[in-house]
Structures are given as structure tokens and as C-alpha cells.
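The values are calculated or read from the model by the stated rules, or taken from the named source; none is laboratory data. On a predicted model such as this, the values are computed, not experimentally measured, just so you know. Positions of Cβ are backbone-derived with ideal geometry, glycine not excepted, and every protein chain shown enters the neighbour counts. Only protein heavy atoms, including side chains, enter the accessible area calculation; ligands, DNA and RNA are left aside. Shrake-Rupley method; radii C 1.70, N 1.55, O 1.52, S 1.80 Å.
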Amino acid sequence: MGMGDFVPSTNFDDPVSSGLFYARYVFNLSFAATSTTIVSGAIAMRVKFGVYCIYAFYAVLVYSFVAHWVWAPNGWLAVRGVHDFAGGGPVHLLGGFNSFLAIKFVGPRKGRFDGTRPERDFAESSPTNQLLGLLILWFAWIGFNCGSSFGITEEKWLVATRTAVSTMNASAGGGIMGLLYSQWATKRTYVRPYDIVNGVLGGLISSSPTSACTQPYEAMIIGAIGGVVACWTNEMLFKKRMHLDDPVGAVGAHAVAASWGIVAVGLFANSRFDGIVVRDGLFHGGGFKQLSVQCLEIVAIISWSIAAVTPFFYILGVVFSRNPKNPRAGLRLEFPDQKEYPHQADPRIHNCREDNIDLDDVRKHVREDKELFEEICKVVLQRVNNEMELSLEPSVSEENTLNSLDDRPVLDVTVGNSSQKVLEKCLTL
């Protein structure tokens, strides 16, 4: 399998080769980081921070083996003719399936599928941030895919430009299918931003293995299929049937769309393109040979993920929980831990809201934080006015309200309840 160059050093006799090596080193480091961070979204809101940090280091080693298999000249998948131009398998399929295993070990968020909490508690907190993140990723994918040519000299610029067009076309196809899927899922009542996000990402991810070996119109077809399978599997298969709590849809968008992209190489690959070495796919008269080795890549990566990540999460969970029968207890951050600093978390974003919140603990932190007290005063007046439909006539001046941090004044609110009860009601909303 090979150990790789984990401790690089400069070759002073051949500085050009060292420069090329460092470029590949940094590029693959970014790929390894991408594969690692995929898991962070899948287990968000309930995994212990220390657990994820340890996983992040371990995931780099897991990624390195697969990267060697696919891209090293002597990698056992590479010598069999696997074509994966920009990391559909080593990055996205591996990261997506690692996410699936991590979710199984960590479990769902409290109340996600047992009916104890309403569905609105798990709604996306900020569609604006979702779309902003998509825009950043969309732009970065040009570097992700085109940069896999490792240069613009000789025929590499032909590969890079062709890859750029294929990447954009695939993302367009995925975005269109995400829009259509959203209309279908909501019976044409509205468009859900996360469907657009997963549709575009599904198209981009499915383009990673194929962008250098397909025609632009084929890339749009590949991206469209990648977008719809990402949206459909996330909602209909993983969420509704398997009860897989994946807050960002990482498994569908990465594992499933990447698998489709790897298979698409075996269907659409064209050996006539300059700058790459690949067999013709099934649709170009190449038979099933390329398709079979692409399927072998999928099986190998999933098998490796199971073999490497399953014992890791089990052992780590046992170490933290000291209970071989309940490793999940060592991986999860349960509600009692989340309540330690309730003022630092937005309950609608982090889903750590609880009806029996400790108001004494909250008041303690409020008394110690002037800015927080100012904010709560504003929230009290706004929520009482807007949500409790009471007529408020605050007669507390700013100077009188905030003149002392040690002795908080009482809000003079002319309503039936005392200001203390109003504050308690506000804190429990």
C-alpha cells in the first residue's frame, strides 16, 4: 500500500521536483481536510468536541490509504484503470460513508424521531447562511476540480478548461433538479433552500470523478442525476425510512452522489480526450470493463471505511464512557452537559432547548454580563409585546436600568404580572 511522504524534505539537487512535490502535498492535504470535515456536519449538535478532534487526526490516515490506491502510480486501483479525476471516491464517498457510520454510533438528536419534540425544532436556522456557504463552495469547486490537473503547461491547460466547463454544467443540472425536486416535495407550494443547496452540491460532487473525461452536455446529465439522488435519498430514504439524523444531508450529497459520479465514469468516459488516460465507457463502445473497475472502487472504499472507522468509534466510545456495552455514551454530548452554559447557545440553532431550564443558572450569568442583560431587557419588552399581546409601558430609563451590575433593577412594566414573571416567561420561550 505504501507509507507515502508524511515527513517531506527538500531535494536541493532537484528543486523543481521538490516544488512539484510540495504542490501535491498541499493539494492532498486540502483533500484530506475536506473528507474529514464532511463528518462534522453529519454529527453536529450532539457529538463531543474532543471526540471529533481525535477523529479528525485519524481520518487523515484513513484518507491517505484510499488516495494512494486511486492516484499513486502503483496503487492497486490505479493499475487496474480506475479513473477518479478529482476525488469522488477518496474524498466524498469516503467522507460520506464515514458520516453514515458516525451517525449510527452517535445516534440522533434528542426527540428527533420519537415524537417528543416538534418538527420545527429541527428546522434550518438560517437559509441565508446555507446559500452563502453554497456560493463559497460553488466557487471553490473550480479549484477543487480544475486544480486536479496539477498545472497549465503542455496539455494540462486543456484538461483544466474542459474540467471547468463540465463542473459548471454539472452544478447547473444539479441545481435545476434540486429546484424541481423541491417543487415536487412541497406540491409546488414553495421552494426549500436546502433542496437547492443539496441539488447543486450533488451535481458538483458527481462531477468530481467525471469532469475531465466527459462532454459538457454529458456533464449536465450527470449533475442532474447527482442532484436528484442527493435530495431524494436524504429525505425519502435516510430521513423517513432509516431515521438517520443527518442535519446537513452529508450522506446523500456526498456518499450517494459520489457513488453515482464514479459509476458515471464507466458509462460516459471518452478515451479521445487529451491529457488523461481512461478507457471508453459503456455509452462510447467500451463495454463493461471501465464500469466494472469503477464499481470495484466503490466496494473497496466502503469496505475500507467499515473496517477502519467502525472499530475506531467503538473503541473511542468505550474509552470515554468506560462501558463496553454503551459506547454511545462516550461519544455524545447529552442535554445535562449542554445546560452548563445555556446563555452561550441559541436554542433554535443548536437544538438544546429544554422546558425545565435552570433559571437560577441563567440569572447568575445574566447578572455577570452587562451586554447580555441589556439584550434580555430588549427581548423581554419585544416578546411580551409581540407574543404575549400585552400592553407594555416601560418607565425605566437607560441610566436607571444599567447603573449597577451588582444590583440589577426591576423592570417597571405596567402589566398584570410582575417583571420577574415576564422575564422568566421570556427565558422559557
Under 14 Å from the Cβ of Glu218, count the other residues' Cβ atoms, weight Lys and Arg +1, Asp and Glu -1, and hand me the total. +1
Gyration tensor on Cα atoms of the stretch 120-176, a ≥ b ≥ c root eigenvalues, a/c under 1.5 rounded, else prolate if a/b beats b/c, else oblate, says prolate
Taking R0 as 35 Å, what's the FRET efficiency between Thr10 and Lys289 from their Cβ-Cβ distance, rounded to 0.05? 0.25
Leaving ligands, DNA and RNA out of it, report the carbon-plus-sulfur percent of the accessible area of the stretch 1-97 at a 1.4 Å probe. 70
If R0 = 22 Å, then Asn74 and Ser271, at their Cβ-Cβ distance, give a FRET efficiency to the nearest 0.05 of 0.50
Spatial separation of Cα centroids for the stretch 146-170 and the stretch 61-134, in angstrom: 25
Tell me, what is the per residue accessible area of the stretch 1-137 in Å², probe radius 1.4 Å? 50
Residue pairs, from the table Lys104/Lys289; Lys48/Lys325; Lys48/Lys240, whose Cα atoms sit over 23 Å apart: Lys104/Lys289; Lys48/Lys240
Of every hundred units of 1.4 Å-probe accessible area on the stretch 185-250, the number belonging to carbon and sulfur atoms, as a percent, is 63
Taking r as the C-beta separation of Phe150 and Thr310 and R0 as 30 Å, the FRET efficiency to the nearest 0.05 is 0.35
Residues of the stretch 190-319: accessible area per residue at 1.4 Å, in Å²? 37
What distance in nm separates the simple spin-label points at Arg322 and Ile136, each placed 7 Å from Cα in the Cβ direction? 4.0
